[in-house]
Amino acid sequence: MYLALKTIKGETRYYIRESYKDGDCLRSRDLFDLGTDPAGYIIYPGGKAFYIDETVDDRLRTLTLSKDYSVEDLDDIFWCFLKPEIRVALESHRHLGRTSKRRISKEKEGNRQNEFHIFDKRRVHYLKFGQMDQGRIGRVTPNMFNNIINKSRDELEQYFMEMERALDRSEFKAYVYVIFDLQKYFTELIAKSMPEGLNQNKVDQYFLEEICRLNSDCDFWSGMDTEGNLHEYMIRYVIMFFDTEYGRSSFLDDYIRDYMDSKRRYVPPRRSASVILDEASTIFGVKKDELKKMSKKSLTRIYRQMAQKFHPDKGGEKEKFVKLSEAYNELLKSKLS
């Protein structure tokens, strides 16, 4: 049993649903329509106590197919709608005395892992670790996927919608890039760390191909009725991808830091400010007077644009890239002093 939400004509409605076994697949069905304000079903008798309106419990006990349904499950569904002060007061006692309903042998866990769709596994992996490179996803412990066991496709999508709310907006585009495994189409080193440096027209093209492929994947949508159009659960990824930009990447900073760390044993004599300005002016193609007046933000913007051009992975020369980085760091020091 789980909480599901659906937006209809700009209005969000909430439902209590459950996943149930139907032959070889898991399906879902509505049990109770909570409307637009589930908090209206919560009753506060006084103090820090609360309970759910009996009409909800009576209805669920009549309809539910789940053998493990309990008042605790109902409390979990309404937990996020409780008054904040009540949640704070009860949080530390929330799970006391509960026993886990899910105890799975290691052998069964291994078999279960093979049943998970790779798209679900990539989503779990990113939401857990926030890593763009998922090369080791096949070697992670099966326990990491326990939260997606025995869930229908609808329940899984509702689960991921809830988990994705923890993502910062600046992560959206990179998240979609990773879970649709778009890096597999590129051979560049930056494909696993800095997708914004790739040909974005090609990235867009491959994303559309992948989302169409997933939309027509019968195994993925097992237990759900699908139509020819893009499924509503996939639309959110189109919005994430095309309505946001990549967040700041640390790839260039890490590259420069690694290079500088490799040279730490040798400390060259400090050059004069005039020499630095002369070289930087030549490298950046900007007059010395303009460099002196330039803000740190403007300098950084120009540097990143040129770094994209001279980076070895983009076809540039390593020597020019190194000189550019050195000039940038020397100028940056003067801006900070």
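The values are calculated or read from the model by the stated rules, or taken from the named source; none is laboratory data. Computed from a prediction, not measured in an experiment: that's the story for all the values here. For neighbour counting, all protein chains shown are included, and Cβ atoms are generated from backbone atoms with ideal geometry for every residue, glycine included.
So which of Ser193, Ser216, Ser222 ends up being free of Cβ contacts under 8 Å to residues at least 60 places away in the same chain and small (Gly, Ala, Ser)?
None of the others qualify; the one that does is Ser216.
Just checking, how many residues over the range 191-202 are surrounded by fewer than 20 Cβ atoms within 10 Å (Cβ to Cβ) and in a helix (DSSP H, G or I)?
Of the residues in the range 191-202, 5 are surrounded by fewer than 20 Cβ atoms within 10 Å (Cβ to Cβ) and in a helix (DSSP H, G or I).
Among the residues of the range 163-190, what is the count of those that are assigned to a loop (DSSP other than H, G, I, E, B) and among the aromatic types (Phe, Trp, Tyr)?
Of the residues in the range 163-190, 2 are assigned to a loop (DSSP other than H, G, I, E, B) and among the aromatic types (Phe, Trp, Tyr).
Quick test of your reading of the structure: Leu3 fulfils all but one of (1) farther than 19 Å from Ser152 by Cα; (2) at pLDDT 90 or above; (3) aliphatic (A, V, I, L, M). Name the failing condition by number.
The failed condition is (1).
May I ask you to list the residues in the range 283-310 that are over 30 Å from the mean Cα position of the chain (by Cα), of a type outside the set (Asp, Glu) and under 13 Å from Leu331 (Cα atoms)?
Ile283, Phe284, Val286, Lys288, Leu291, Lys292, Lys293, Met294, Ser295, Lys296, Ser298, Leu299, listed by residue number.
Testing Arg27 on (1) basic (Lys, Arg); (2) more than 29 Å from Asn150 (Cβ to Cβ); (3) in contact (Cβ under 8 Å) with a residue 60 or more places away in the chain, one condition comes back false. Which one is that?
Going through the list (1) basic (Lys, Arg); (2) more than 29 Å from Asn150 (Cβ to Cβ); (3) in contact (Cβ under 8 Å) with a residue 60 or more places away in the chain, Arg27 breaks only (2).
Output the number of the condition that Gly130 fails; it satisfies all remaining conditions of (1) modelled with pLDDT of 85 or more; (2) among the small types (Gly, Ala, Ser); (3) more than 23 Å from the chain's Cα centre (by Cα).
Gly130 satisfies all of (1) modelled with pLDDT of 85 or more; (2) among the small types (Gly, Ala, Ser); (3) more than 23 Å from the chain's Cα centre (by Cα) except (3).
Yes or no, residue by residue, for (1) part of a loop (DSSP other than H, G, I, E, B); (2) closer than 22 Å to Ile8 by Cβ; (3) at pLDDT 90 or above; (4) more than 33 Å from the chain's Cα centre (by Cα):
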position: Asp30; (1), (2), (3), (4): no, yes, yes, no
position: Asp58; (1), (2), (3), (4): no, no, no, yes
position: Thr62; (1), (2), (3), (4): no, no, no, yes
position: Lys67; (1), (2), (3), (4): yes, no, no, yes
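Being under 30 Å from Asp313 (Cβ atoms) and surrounded by 13 or more Cβ atoms within 10 Å (Cβ to Cβ) is the filter here, so list the residues in the range 210-234 that pass it.
Answer for the range 210-234, where residues must be under 30 Å from Asp313 (Cβ atoms) and surrounded by 13 or more Cβ atoms within 10 Å (Cβ to Cβ): Glu210, Ile211, Leu214.
Can you pull out every residue in the range 138-162 that is assigned to a helix (DSSP H, G or I), surrounded by fewer than 17 Cβ atoms within 10 Å (Cβ to Cβ) and free of Cβ contacts under 8 Å to residues at least 40 places away in the same chain?
Gly138, Arg139, Asn143, Met144, Asn147, Glu162
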